[in-house]
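In what follows, a single structure is set out as structure tokens and then discussed.
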Amino acid sequence: SRAQNRTMHVVTEFVLLGFPGQRKTQNFLFALILGVYLLTLLGNGAIACAVKWDRRLHIPMYILLGNFAFLEIWYVSSTVPNMLVNILSETKTISFSGCFLQFYFFFSLGTTECFFLSVMAYDRYLAICHPLRYPSIMTGKFCVILVCVCWVSGFLCYPVPIVLICQLPFCGPNIIDHIVCDPGPLLALACVPAPSTELICYTFNSVIIFGPFISILGSYALVLRAVLHVPSGTGRTKAFSTCTSHLMVVCLFYGSLMVMYVSPTSGNPAGTQKFVTLVYSAVTPLLNPLIYSLRNKDIKDALKKVLRL
């Protein structure tokens, strides 16, 4: 029993290997990721402020978009600052609790993002398929309830897998060949095989990814059916243009997520895992504000007003 206690708490910190390479490569990566991070904060911050300050944007579609932009700021901040410190660090260590805190916030915010994308698809479905009933269904109060449900449920999902994984014995080695604390590499470091915990985590990830994704596909299938019945070509184009931005974001975010968590990750080399993680943790939050603002006249006008201030 004493030996067991000793092995239970040998690992007090993990080493996040991050991206390998010479110091010159590391410096280039640091500058690149820092640039992406600052632009992401700027772009999403501008959209969140535009929605808050421009009274014309105080309608459900933009309230959801403003919350989504605000969420992106936190989502990218849950991993990228640590990634940047890690690139410059000689030791590349992260404490045991720091690792699990990052895991919790990164995955909770990612889950909240899945929920928001599905609520935004539902909003587009109501606006296009039930335009007359839309104002009475998507009231300000209902919109606020949906926003709160997304935030709260996103943060309530992940304590279960985290508690299960952090109670596993970690007796060394403590090297994670990744850029973030991810359940796959963490489970691989546990001293005892934990098939049931692995199954629970895999099931959790699949439900959280596929649940909202199926509801998004359902919403857009109904939207497509309704749009194809619109007699005029301009009406069809207008209906489609309100959806394309959202669809591009969904494809970007879900495409990389599925490569990472739904295809068996053990088959992916570490380099691929790092690259895909970098795409959905840093690149997609940068592209989202661009996708939304470039295709939306109201947002462009509001942003001009904000930036003039």
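The values are calculated or read from the model by the stated rules, or taken from the named source; none is laboratory data. The structure displayed is predicted, hence computed values, not measured ones. Here the Cβ positions follow ideal geometry from the backbone for every residue, glycine too, while neighbour counts run over all protein chains shown. To get the accessible areas, we keep the full protein, side chains included, count just its heavy atoms, and leave off ligands, DNA and RNA. Shrake-Rupley method; radii C 1.70, N 1.55, O 1.52, S 1.80 Å.
Observations, loosely collected:
- VAL230 paired with THR242, simple spin-label distance in nm, labels 7 Å along Cα-to-beta-carbon: 0.8 nm
- Set the Cα radius of gyration of region 13-307 against 2.2 N^0.38 Å, with N its number of residues, and you get 1.07.
- Taking region 13-307 and dividing mean pair separation by its residue count, relative contact order in percent (alpha carbons under 8 Å, at least six apart): 29 percent
- Heavy atoms of PHE240: accessible area, 1.4 Å probe, square angstrom to 10: 80 Å²
- Net charge of Cβ neighbours under 15 Å - reference PHE14; Lys, Arg +1; Asp, Glu -1: -2
- Mean residue ellipticity at 222 nm, helices only, the chain: -25000 deg cm²/dmol; runs of at least 4 DSSP H residues each add -39,500 (n - 2.57), and the sum is divided by the number of residues.
- Coupling constants for region 269-276 follow from the phi torsions by the Karplus curve (6.51 cos²θ - 1.76 cosθ + 1.60, θ = phi - 60°), and in residue order they are x, 4, x, 5, 4, 5, 5, 5 Hz; glycine and proline get x.
- Span from the region 278-299 Cα centroid across to the region 75-144 one, whole angstrom: 14 Å
- For HIS178, the residues whose amide H sits under 5 Å from its own are LEU17, GLY18, ignoring neighbours fewer than 5 places away on the same chain, with H placed 1.01 Å from N.
- Among the listed pairs LYS238/LYS305; LYS52/LYS274; LYS274/LYS297, those with a Cα-Cα distance over 30 Å are LYS52/LYS274; LYS274/LYS297.
- Protein accessible area in region 13-307, 1.4 Å probe - carbon and sulfur %: 73 percent
- Between the amide H of GLU13 and those of PHE96, distances stay under 5 Å, these residues lying 5 or more places away or on another chain, with hydrogens modeled in the peptide plane.
- For region 13-307, the solvent-accessible area with a 1.4 angstrom probe is 46 square angstrom per residue.
- Computed E for ASN27/LYS305 - FRET, C-beta separation, R0 25 angstrom, nearest 0.05: 0.05
- The accessible area of LYS238, taken with all protein chains in place and a 1.4 Å probe, comes to roughly 150 Å².
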